[in-house]
Structure formats: C-alpha cells, structure tokens
Amino acid sequence: MKEEITKYIELKLKLFKFEATEKVADIRAKLVFDIVFIFLFFCFLFFFGFTLALLLNAIFDSDYLGFVVFSSLLLLTMLILLWKRKKIIRKIFINYLDRNIPF
C-alpha cells in the first residue's frame, strides 16, 4: 500500500512536470511568434510611411513637405495614444488575461 502511494505521488509529480514543460513551450512559441510578428509589422509601417511621405511629396510637388505632413500625422497619433494610454493598456492587459488565464 505504501509503495503504491509512493508510486502514485511520483507519477503525479512526473505528470505535473510534463504539463509545466508543455505550458512553458507553448508560452515560448507564442512569444517568439509575437516578436517576429511585431518586427514585421514595424517594418511594414516603416516602408508604408516612407512610401506615403514620398507620395505626398509628389502630390505637393515638394522635396520635403510630404515628410513634414506625415511626421505631423505621426506626432498627432502619438499624442493621442499618450493621452489615452491608461485606457488602452488596461484594455489590452484585460484581453490578454482573458485569453491566457483559464478560470
């Protein structure tokens, strides 16, 4: 009886280790995917912004006005995000918790 209980505890411990390893691997895979996705997204934004600024240069027939307009739009967007950051961060954090923490 004592041996069976010991064996049962050892098996439970091994099961816990396997489950923990699986969760860590899952989190690591999600993290790598998110990092690659964010990097590619910022590359896209960079080239899209550069292209848009060049297009605005052609529309305004200027060498720099398109970059000024586009930079002003980016600055305005950053200021709005800075102003609303607590609400945005809270919403992102709550959504992340809802998706990743089972109840």
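The values are calculated or read from the model by the stated rules, or taken from the named source; none is laboratory data. Remember, predicted model here, so these are calculated numbers, not experimental data. Glycine gets a Cβ as well: all are built from the backbone with ideal geometry, and neighbour counts include every protein chain shown.
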Among the residues of the range 9-34, how many are over 16 Å from Asn100 (Cβ atoms) and of a type outside the set (Asp, Glu)?
10
Based on this model, can you work out whether Leu65 counts as surrounded by fewer than 12 Cβ atoms within 10 Å (Cβ to Cβ) and either modelled with pLDDT under 90 or of a type in the set (A, V, I, L, M, F, W, C) (or both)?
no
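What do you reckon, is Leu82 of a type in the set (A, V, I, L, M) and in contact (Cβ under 8 Å) with a residue 12 or more places away in the chain?
Values: of a type in the set (A, V, I, L, M): yes; in contact (Cβ under 8 Å) with a residue 12 or more places away in the chain: no.
Against the criterion (of a type in the set (A, V, I, L, M) and in contact (Cβ under 8 Å) with a residue 12 or more places away in the chain), Leu82 does not qualify.
Kindly establish whether Gly49 is in a helix (DSSP H, G or I) and in contact (Cβ under 8 Å) with a residue 24 or more places away in the chain. Walk me through it before giving the result.
Details: in a helix (DSSP H, G or I): yes; in contact (Cβ under 8 Å) with a residue 24 or more places away in the chain: yes.
So Gly49 fits the description; yes.
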